[in-house]
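Any read-out appearing in this document is the output of simple, stated calculations on the displayed coordinates, not a laboratory observation. Owing to the predicted nature of the structure, the values given are computational and were not obtained by experimental measurement. Because the Cβ atoms are built from the backbone with ideal geometry, glycine has one as well, and the counts that use them run over all protein chains shown.
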Amino acid sequence: MYITVNGIRLYYEKTGEGRPLVMVHCNSMDHRIFRKAVKVLSGRFTVYCPDSRDHGKSEKVKTLHYEDMAEDMAEFIKALELEKPVFYGFSDGGIIGLILAYRYPDMLSALIVSGASLNPDSTKDLPMKFFKLWSHVDRSDKMQIMMREPDITDEILSGIRVPTFVTAGERDVIKLSHTQHIAQTIPGASLMIFPKTGHTGYIMNSDKIAHYILSVIPE
């Protein structure tokens, strides 16, 4: 299905029945990475999986900014009249979720972020060297945005009031200290480090994150 929000045409899929859950994917991927998770979650939630702007089947743009993508999700939630949805974001989706929860403190019922970064320095040195080298080959703004954004400050983190759950992989490309800082700075947030996995292993084409969501979000 398609919907126009914030001047952008977004594609999304809707599955299941129950309280609303919005799931937003990582950089350069789309809603399909959540298919195994959605099969599990759709028994309790109505799951909405949009493709972010310039990703998947959504409208293409020349320049990406996380603030714009967060505003897309705010307008998406408003346009579909979703009442206090749970928001799950992976990597870039987690960045979007942090900005969204800060800007719209009364919009969500819960926030779950996986592998979110605070700024480009959040990525470990070796993966960032690779991303910088690859950005000279891939000139798309999907790569360029990782070199300049986000800028998630302590003011943003400490201003988030919605119940928040922070996750990462034990071998994540995001520095553990940055993930810990997110959890420690958001009031009342909890932290889960998934053992023996990296940035994507417990999320992409996996139902592990689905079982985690079911465990932390009450019926």
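Taking the Cβ of Val38 as the centre, find all other residues whose Cβ is under 15 Å away and add up their charges (Lys, Arg: +1; Asp, Glu: -1).
Numbers: positive: Lys14, Arg19, Arg32, Arg35, Lys36, Lys39, Arg44, Lys208; negative: Glu13, Glu17, Asp30, Asp51, Asp207.
That works out to +3.
Please name whichever of Ile99, Ile209, Pro50 sits farthest to the positive end of the charge dipole of the chain, dipole taken about the Cα centre and charges placed at Cβ: Lys and Arg +1, Asp and Glu -1.
So the residue furthest toward the plus end is Ile209.
Students often get this wrong, so try it: which of (1) 10.6; (2) 11.3; (3) 12.0 is mean projected area of the Cα convex hull in nm² as calculated from the structure shown?
The value matching this structure is (1).
What number comes out for the charge environment of Ile96, summing +1 per Lys or Arg and -1 per Asp or Glu over other residues with Cβ under 12 Å away?
Values: positive: Arg53, Arg103; negative: Glu67, Asp68, Glu71, Asp72, Asp92, Glu149.
Summing Lys/Arg as +1 and Asp/Glu as -1 gives -4.
Local charge sum around Tyr12 (other residues, Cβ-Cβ under 13 Å, Lys/Arg +1, Asp/Glu -1)? All intermediate terms of the calculation are to be shown ahead of the outcome.
Details: positive: Arg9, Lys14, Arg32, Arg53, Lys57; negative: Glu13, Asp30, Asp51, Glu59, Asp72, Glu75.
Around Tyr12, the surrounding residues sum to -1.
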